[in-house]
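This report concerns only the one structure given below.
The values are calculated or read from the model by the stated rules, or taken from the named source; none is laboratory data. Predicted, not measured: the structure shown is a model, and the values here were computed from it. Please note: Cβ atoms are built from the backbone with ideal geometry, for glycine as well, and neighbour counts cover all protein chains shown. Areas reflect the complete protein model, heavy atoms only, side chains present, ligands, DNA and RNA absent. Shrake-Rupley method; radii C 1.70, N 1.55, O 1.52, S 1.80 Å.
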Amino acid sequence: YYADRLNQLPIGVIGIAVGTVLLPEMANRLARGDETGARHAQNRAVEFTLLLSIPCLVAFLLLPDLIMRALFMRGAFTAADAAAAGATLQAYAIGLLPFVLMRSATVTFLSRGDTWTPVKALFFAVLVNVALKVLLYGDHAQVGLAFATSIGGWVNLVLLIWLARRAGLFAFDAEVVRSAMRLAAAGLVLAAVLWLADAPVRALLAGRALQHELALALLAVIGAAVYGAMIMALFGRRWLARFGGGAPPRTP
């Protein structure tokens with residue numbers, strides 16, 4: 001439960017929020033015949049979603065135990081509970097990217113009035129999800145259930161993209177591909193820094209009051225500084241500023 005609540009935070013705050021804003025934007029542009037503008041808006045939404053989601057992915061994969069200790073380990077919530085919940089959060093993190101991107105991918109069809117195609121993709125994803133849950137639960141308990149959910153998310157996203165591309169409704173433009181590669185590089189640097197800083201920070205604060213909370217806060221500050229610096233170095237201010245600029249003018 002605790003791992004799922006944390007995993008749902010970026011899904012709701014980033015993925016669903018971006019998709020909710022994107023749907024009327026694309027629908028309005030398509031209604032005006034602005035296919036180029038609609039696709040531009042969708043690609044920029046993918047970029048923005050990745051920008052905000054990658055730090056969450058890195059933190060959930062590298063620091064799940066510390067996150068659980070800092071947020072919940074008190075009272076009846078023991079170190080063993082934190083370890084179990086942390087392992088579950090790692091399994092959920094494997095599917096974080098598809099879940100935050102899924103709403104933006106679904107908008108491809110919803111903005112055109114097609115509600116059936118996303119249901120078909122979801123149906124096959126649910127079949128894979130349930131089958132993996134049955135296979136994995138016996139040996140891996142709740143971690144197996146979370147992992148199955150993550151794989152189901154990847155199946156759903158891949159099917160949505162494949163169906164959209166087959167229908168000629170979606171394609172990643174050159175900008176989003178370049179941005180994704182740079183964001184991946186920024187995420188790898190962030191992961192390396194957090195991996196190197198984790199043990200020294202915990203050792204520095206060991207035995208102090210609120211040691212886990214302080215360690216998580218310090219690593220969050222270090223991570224934010226590193227990721228922000230990488231984004232500025234790889235993209236610059238103009239790239240960040242354009243998210244408020246909308247789509248390019250419609251070509252005659």
Fill in the blank from the handout: So, relative contact order of the chain in percent, Cα under 8 Å, 6 or more apart, is 25
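If one computes P(r) from the Cα atoms of segment 121-252, what percent of pairs lie at distances over 20 Å? Write out the running numbers ahead of the final one.
Working: 5985 of 8646 pairs.
Value for segment 121-252 (Cα pairs over 20 Å): 69 percent.
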Handout entry: For segment 1-125, with +1 on Lys and Arg beta carbons and -1 on Asp and Glu, the positive-most of A38, S53, Q8 along the dipole
Key = A38
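Suppose all protein chains stay in the model; what accessible area per residue would a 1.4 Å probe give for segment 69-228, in Å²? Numbers along the way, then the final one.
Details: 8230 Å² over 160 residues.
Solvent-accessible surface per residue comes out at 51 Å².
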Practice task
Quick one: give the max-minus-min coordinate of the C-alpha atoms of segment 96-182 along each principal axis, largest first, in Å.
Solution key: 43, 34, 17
Handout entry: Net charge contributed by nearby residues that have their C-beta within less than 12 Å of R44 (K/R +1, D/E -1)
Key = -2
Problem - Surface share of carbon and sulfur [accessible, 1.4 angstrom probe, percent] for the chain - result: 70
Handout entry: At most 12 other Cβ within 10 Å, DSSP loop - trypsin sites (Lys or Arg not before Pro), segment 1-57
Key = R32
Exercise for the section: Taking the chain as the reference, fit the longest principal axis to its C-alpha atoms, fit the long axis of helix 79-93 to the helix C-alpha atoms, and give the angle between the two in degrees, 0 to 90, nearest 10. Expected result: 20
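Where Lys and Arg each count +1 and Asp and Glu each count -1, what net charge lies around A241 among other residues with Cβ under 15 Å from its Cβ? Please list the in-between numbers first.
Details: positive: R44, R237, R238, R242; negative: E47, E175.
Summing Lys/Arg as +1 and Asp/Glu as -1 gives +2.
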Completion exercise
Tilt, helix 35-62 to longest principal axis of the chain (alpha-carbon atoms), in degrees rounded to tens, equals 10
